[in-house]
Amino acid sequence: MIRLYRAPYSTNVERVALALAHKDLAVESVVIDYSDRGPVERVSGQGLVPVIEDGGEVVADSTRILRHLEERYPDPPLFPRDAARRAELDVFLDWFNEVWKGPPNEIEIELSSPLPDRERIGALARQMAAALDLFERMLAGREHLMGDFSAADCAAFPFLKYARFRDPADDEPFHRVLDEFQQLGGGHARLAAWIDRVNERPRAY
């Protein structure tokens with residue numbers, strides 16, 4: 001059984017929870033409090049979640065965990081078997097983590113400063129809005145971002161879902177940014193349907 005170290009409302013944990021459920025893997029959950037990261041620090045040497053323990057191996061970082069699960073439990077797949085399509089998915093994951101996440105993270109930093117730069121926040125918000133248009137185009141003729149349900153959906157959904165809903169009890173500043181600065185318009189019907197579709201999938205916690 002896989003042991004999953006997690007925290008409530010963690011977007012990165014939800015990535016892994018979607019993947020674990022897709023692969024129908026049994027999970028033992030260890031919930032940490034952000035005020036006491038001792039349990040995850042003791043097992044992984046760092047304080048961030050998610051972390052999994054799997055057959056004596058400890059894996060941290062949500063994207064690394066997705067790749068680990070695919071290697072150890074290849075069916076049903078989360079990554080294409082075709083080398084070219086696998087490369088496209090790898091590029092998407094790198095882009096999402098290294099590029100897409102930039103504007104909301106920068107907005108959170110600006111809003112926490114004594115004198116937020118509203119002009120810069122506006123420019124960053126426009127980048128987030130443009131990304132919604134990009135995701136809408138990606139979903140043309142597809143049920144999911146790369147065609148079949150994949151690691152791309154696991155990686156993006158926990159962040160993009162805030163364009164459609166947020167649990168009232170979820171008051172994390174970064175999640176409030178995702179809620180406030182991702183507004184779906186009439187031109188995002190496919191994206192809204194994808195968010196609802198993925199939201200119906202199980203999570204393994």
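The values are calculated or read from the model by the stated rules, or taken from the named source; none is laboratory data. All values reported here derive from a predicted model rather than from experimental measurement. Because the Cβ atoms are built from the backbone with ideal geometry, glycine has one as well, and the counts that use them run over all protein chains shown. These accessible areas exclude ligands, DNA and RNA; they are computed on the full protein's heavy atoms, side chains included. Shrake-Rupley method; radii C 1.70, N 1.55, O 1.52, S 1.80 Å.
State the number of residues belonging to the range 135-146 that are exposed (fewer than 13 other Cβ atoms within 10 Å of the Cβ) and either part of a helix (DSSP H, G or I) or in contact with a Cys (Cβ under 6 Å, 6 or more places away or on another chain) (or both). Walk me through how you get there before you give the answer.
Kept after step one, since they are exposed (fewer than 13 other Cβ atoms within 10 Å of the Cβ), are these residues of the range 135-146: 137, 140-142.
Then keep just the ones that are either part of a helix (DSSP H, G or I) or in contact with a Cys (Cβ under 6 Å, 6 or more places away or on another chain) (or both); that gives 137.
Final tally of qualifying residues: 1.
Out of the range 92-104, which residues are surrounded by fewer than 18 Cβ atoms within 10 Å (Cβ to Cβ) and either closer than 19 Å to Val16 by Cα or touching a Lys or Arg at 6+ places or on another chain (Cβ under 6 Å) (or both)? Quick ask: steps written out before the conclusion?
Taking the range 92-104 and keeping what is surrounded by fewer than 18 Cβ atoms within 10 Å (Cβ to Cβ), we get 94-95, 97-99, 101-102.
If the condition is that a residue be surrounded by fewer than 18 Cβ atoms within 10 Å (Cβ to Cβ) and either closer than 19 Å to Val16 by Cα or touching a Lys or Arg at 6+ places or on another chain (Cβ under 6 Å) (or both), then Asp94, Trp95, Asn97, Glu98, Lys101 are the ones that fit.
Evaluation of Ala204 against the conditions (1) surrounded by 15 or more Cβ atoms within 10 Å (Cβ to Cβ); (2) in a helix (DSSP H, G or I); (3) within 18 Å of the chain's Cα centre (by Cα); (4) hydrophobic (A, V, I, L, M, F, W, C) shows that the sole unmet condition is (2).
Give the residues of the range 40-76 that are without any contact (Cβ under 8 Å) to a residue 40 or more places away in the chain, touching a strand residue (DSSP E or B) at 6+ places or on another chain (Cβ under 8 Å) and closer than 18 Å to Leu25 by Cα, sorted by residue number. Val58, Val59, Ala60, His68, Arg72 - these are the residues of the range 40-76 that are without any contact (Cβ under 8 Å) to a residue 40 or more places away in the chain, touching a strand residue (DSSP E or B) at 6+ places or on another chain (Cβ under 8 Å) and closer than 18 Å to Leu25 by Cα. Pairs are defined by a Cβ separation below 6 Å, a sequence spacing of at least 6 or placement on different chains, a first member in the range 10-34 that is within 10 Å of Arg203 (Cα to Cα), and a second member that is of a type in the set (Ser, Thr, Tyr) and open to solvent by less than 30 Å² (accessible area, probe 1.4 Å); the pairs so defined are Arg15/Ser62; Val16/Ser62.
Does the range 32-57 hold any residues that are closer than 14 Å to Val16 by Cα and β-branched (Val, Ile, Thr), and which are they? So that I can check it myself, show each step before the final result.
Looking only at the range 32-57, we keep the residues that are closer than 14 Å to Val16 by Cα, and these are 48-54.
Once the filter is applied, which keeps residues that are closer than 14 Å to Val16 by Cα and β-branched (Val, Ile, Thr), the range 32-57 yields Val49, Val51, Ile52.
Among the conditions (1) under 14 Å from the mean Cα position of the chain (by Cα); (2) assigned to a loop (DSSP other than H, G, I, E, B), the only one that Arg166 does not satisfy is (1). Of the residues making up the range 136-174, those that are farther than 22 Å from Tyr34 by Cβ and touching a His at 6+ places or on another chain (Cβ under 8 Å) are Glu136, Phe149, Ser150, Ala152, Asp153, Cys154, Ala163.
Got a number for residues in the range 172-194 being assigned to a helix (DSSP H, G or I), closer than 15 Å to Pro103 by Cα, open to solvent by less than 60 Å² (accessible area, probe 1.4 Å) and touching a residue at least 24 places away in the same chain (Cβ under 8 Å)? Break it down into steps so the answer makes sense when it comes.
Step one: of the range 172-194, the residues assigned to a helix (DSSP H, G or I) are 173-180, 189-194.
Imposing the further condition that a residue be closer than 15 Å to Pro103 by Cα reduces the set to 173-180.
Then drop every residue that is not open to solvent by less than 60 Å² (accessible area, probe 1.4 Å), which leaves 174-175, 177-179.
Right, trim to touching a residue at least 24 places away in the same chain (Cβ under 8 Å) and you get 174-175, 177-178.
Matching residues across the range 172-194 total 4.
Remark: Asp153 matches the filter, which requires a residue to be within 27 Å of Val30 (Cβ to Cβ), acidic (Asp, Glu) and surrounded by 12 or more Cβ atoms within 10 Å (Cβ to Cβ).
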